[in-house]
Structure formats: C-alpha cells, structure tokens
Amino acid sequence: MFYRDERLALFIDGSNLYATAKALSFDIDYKLLRQEFMRRGKLLRAFYYTALLENEEYSPIRPLVDWLHYNGFTLVTKPAKEFIDSQGRRKVKGNMDIELTVDAMETAQHVDHIVLFSGDGDFKPLVSALQRRGVRVSVCSTIRSQPPMIADDLRRQADNFIELDELRDVIGRPPRDYTQTPRPADEPPGLRTQPPHPRTQPPQALPAEED
C-alpha cells in the first residue's frame, strides 16, 4: 500500500499512540519511526499532537516534545485543562482532535497518502472526507491488545490498516536496565549515569478524556 514516489504525511495523536504502544508493552523510538516512513515514500510532514500541563514545574513529556521539535516533526500543542469532577476526582482535558482534523484537511491537497496514528473512532468522518479528496489513508493502531485499541468502524473506513505490533522490530527501542549500565572508565565511582537522549523517553500520556 506504499509507493516510493507518493507524497506522505504522518498525523500522530500523541496520547492515543502512547496508550497503544503501552498496551503492547513497547516504547517507540520516534527517530526510527520517521526514518521508516521516509523509506516508504516522500515524507513531507510528520505532525505530532499533544496537550501539555503548563502549570507544572516539570512535565514528563517536555523532553520528548523538545526533541521532536528539533528533529523533523511539526509539533502542535495546547495547554491542557484541569478540573475536578462531581466525585472530587482530578481530571485532565486535552483533546487535540479538532487541531488534527483541520491540519489534515488543509494538507490533503499537497499529499497522496496520509498515515493516521490513532485508533479513535471519532476520526472516521475525517478519513472519509480525505478519501473524497483523493487521498489514501492508512491507520496505525492495534487489534492485538485486550481490548483492541482501534474502533472497528475506523478500521473499516481506512484504505489500509497498519498493525503497530508488526512495527515493533522497526520502530521500537529495546528495554534498557539502567541499573546494569556499565560505567565509562573515566567516570568517577558513584556518579549517576546520565539519562538517555530525550527521543528514547516514552511520552507520559495525559489521562484519556471522558466523553
């Protein structure tokens, strides 16, 4: 379903993709992900969507967002909203569906093929609208988790379904036991090993928004 001369764009629903990879028990290396789709076609844009809790001193997803911004991804972010529900529970609202939909419709005239990294059934009308404009749409998610992470009607609407689990060996990073990391010979004893590059850090997804 991929042709080397077709113009590609990736649309990544950050929190949905993180939840999907977590359900499959592997972490995504976004550098490898981008390289894989550059190999499959003429990659014009790779969009990544996520909401951020700006009122916290440190956001776990910030290193990933900064790395993506400097390494070929188009970042689309907005502040997440916190609220307390009727049971007194802290909730976070950070839905990016509208932003992703608008950008995909604007991009449609410039590409031949869009790859949507999300299993959210709310994107079915978007996929249908893109197809009416002559754009082929692949959806990447998984049916191998319990429950499956992709809505059945979204999968049926897509021109092509990409099973994320089948990309594990291509875009996944191997598990790393930091307690067993050898210390460089010139590193003083007791000095903590520096954390890995931000691209290897899995994003910490915001809690899913409840309808």
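Nothing in this text is a laboratory measurement; each read-out follows from the coordinates by a stated rule. All figures in this text were calculated on a predicted structure; none of them were measured in a lab.
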Apply the Karplus parameterisation 6.51 cos²θ - 1.76 cosθ + 1.60, with θ equal to phi minus 60°, to every residue of segment 64-74 and state each ³J(HN,Hα) to the nearest whole Hz, in sequence, with x for glycine and proline. 5, 4, 5, 5, 4, 4, 8, 10, x, 9, 9
Under 5 Å between amide hydrogens, which residues at least 5 positions from residue 117 or on another chain qualify, with H placed 1.01 Å from N in the peptide plane? 11, 12, 13, 140
Built amide H within the under 5 Å cut-off of residue 46, gap 5+: 10, 74
For segment 7-172, rounded, prolate or oblate, judged on the Cα gyration tensor with a ≥ b ≥ c (square roots of eigenvalues), a/c < 1.5 rounded, else prolate if a/b > b/c? rounded
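Normalising by the residue count of segment 7-172, find the relative contact order in percent from Cα pairs under 8 Å and 6+ residues apart. List each step's numbers first, then the result.
Working: 270 pairs, mean separation 45.1, N = 166.
Dividing the mean separation by the residue count of segment 7-172 yields 27 percent.
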